[in-house]
Every structure is written in C-alpha cells, then in structure tokens.
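Participant: Sharing a structure below in structure tokens format, with a few things to ask.
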C-alpha cells in the first residue's frame, strides 16, 4: 500500500504539470499545509469517531448490542489510528482530490458530485460476484458517505482536511469496536436494522445517522 501511494503521488504530480501546467497540483486538490486545514482535519476526525461510537451507543440503549471488555485496547486504538489515517488520506486524495478535480473541469457541480459518489461506492464492489451480492446493502451507505465527503470539502472552500479527518474517524471508530470486539449483537432484530454482516453502514440505523449528517453537510456546502 505504501509503495502504491508513493507511485500515485508521483504520477499525479507529473499529470498536473504535464497536462495542466500546474506545479502545485496537490494544492488544487485541497491538500494545503495550513493551520485551518489541520484544524478542520481534527474536527472531522472527532466527528467521524464520535458518530461511529454514537451509532453503537444508540444500538446498545435499544438492546440491539451489548458492550464488553477488550484485551489490548491501547494497542488496538494505536493500530487503528495509523490504519485509519492511511485509508482516509489515500482515499480522499484519490476520490475527493484527483478524481473530483478531473470531473469538475468538465462537468457542473451537480454532475461531478454524483459521478464522484457513484464511482466511490462502485469501487468498493470490485470483488467476486458472490461477495458483491452478499454485501450489496452497503452500497447506499457508501453513496451517502461519498456525498457527505464531497459536500464536506466544498463547505470548506475545497480544502481536504475535513473530509480526510471524517473518513479516518469513521474507519478508526469501527476498527476499535470491530477488532477490539467491544460489542456483541443480541440478534433481537434483523441485521438490515443493525447492519448486514456487522457493517453499520449497511443497516437502517447507520443510514439514518449518515442521512442526518448528509442533510447538515449539504446545507453547509450551500448545495
């Protein structure tokens, strides 16, 4: 993954310089080294992590899951943070950075928003057909997530900090809960409510949380 990311960084720099004559193409993608962008990253990280834990807290209050202790939680938290930062940074630079920039050069904001979101969701289904069919309920959640991330960037004058942080926060929170085995499902309700295959984004409660945030982020972006 590290080698792939390094190659991607090299190629998009070459692409920006050769195709568009931009020597600072990463800045045009929203990757700006400023205090404001760093603050927005921290806010996004906090929102994403709290959203994930809040989702499971609500399920716990409803009796859908029960909380349990976990061994090696500090190690899991540290590992999860490193993994989440890598995933959040890479995927946001690819989708809300390079790809969104390419789409916006040729299409209006609405088309580029939906094209970017659909491509993001579809890219997570490049897997065997049997697995695709089993995990298809994740698609609406991934689509909503992508919309939130685009609106998040646009609400911050196209800076990527908020989107990277929010994406990383979701991954981090879920990593801690899933790998740490902090919850056990009671199986008192169908998994389409709590999340198919244990994925909260593939359940009604997760979609409700994401839908509420999407509404707020859309208003913030002025869409």
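Participant: Counting other beta carbons within 10 Å of each residue's own, what order do 148, 111 fall into, fewest first? The partial results should precede the final answer.
Facilitator: On the way: 148 26, 111 12.
Going from least to most buried by this count: 111, 148.
Participant: Still on this model: In deg cm²/dmol and to the nearest 500, what is the mean residue ellipticity at 222 nm of the chain if only DSSP H runs of at least 4 residues count, each as -39500 (n - 2.57), divided by the residue total?
Facilitator: -23000 deg cm²/dmol
Participant: Taking the chain as a Gaussian network, where each spring joins two C-alpha atoms under 10 Å apart, which residue of 179, 19, 189 fluctuates the most?
Facilitator: Result: 19 has the largest fluctuation of those listed.
Participant: Can you tell me which of 146, 78, 168 moves the most in a GNM of the chain? Springs connect C-alpha atoms under 10 Å apart.
Facilitator: 78
Participant: Taking the chain as a Gaussian network, where each spring joins two C-alpha atoms under 10 Å apart, which residue of 174, 185, 29 fluctuates the most?
Facilitator: 185
Participant: With a ≥ b ≥ c the root eigenvalues of the C-alpha gyration tensor of region 51-116, is it rounded (a/c under 1.5), prolate (a/b larger than b/c) or oblate?
Facilitator: oblate
Participant: Using a 10 Å cut-off around each Cβ, can you sort 76, 43 from fewest to most neighbouring Cβ atoms?
Facilitator: 43, 76
Participant: Same structure, new question: Take every Cα pair under 8 Å in region 2-221 that's 6+ residues apart, average their separations, divide by the length, and report that relative contact order as a whole percent.
Facilitator: 34 percent
Computed from the coordinates by the stated procedures, all read-outs in this text should not be read as laboratory data. From a predicted model like this one, the values you see are computed outputs, not experimental measurements. Because the Cβ atoms are built from the backbone with ideal geometry, glycine has one as well, and the counts that use them run over all protein chains shown.
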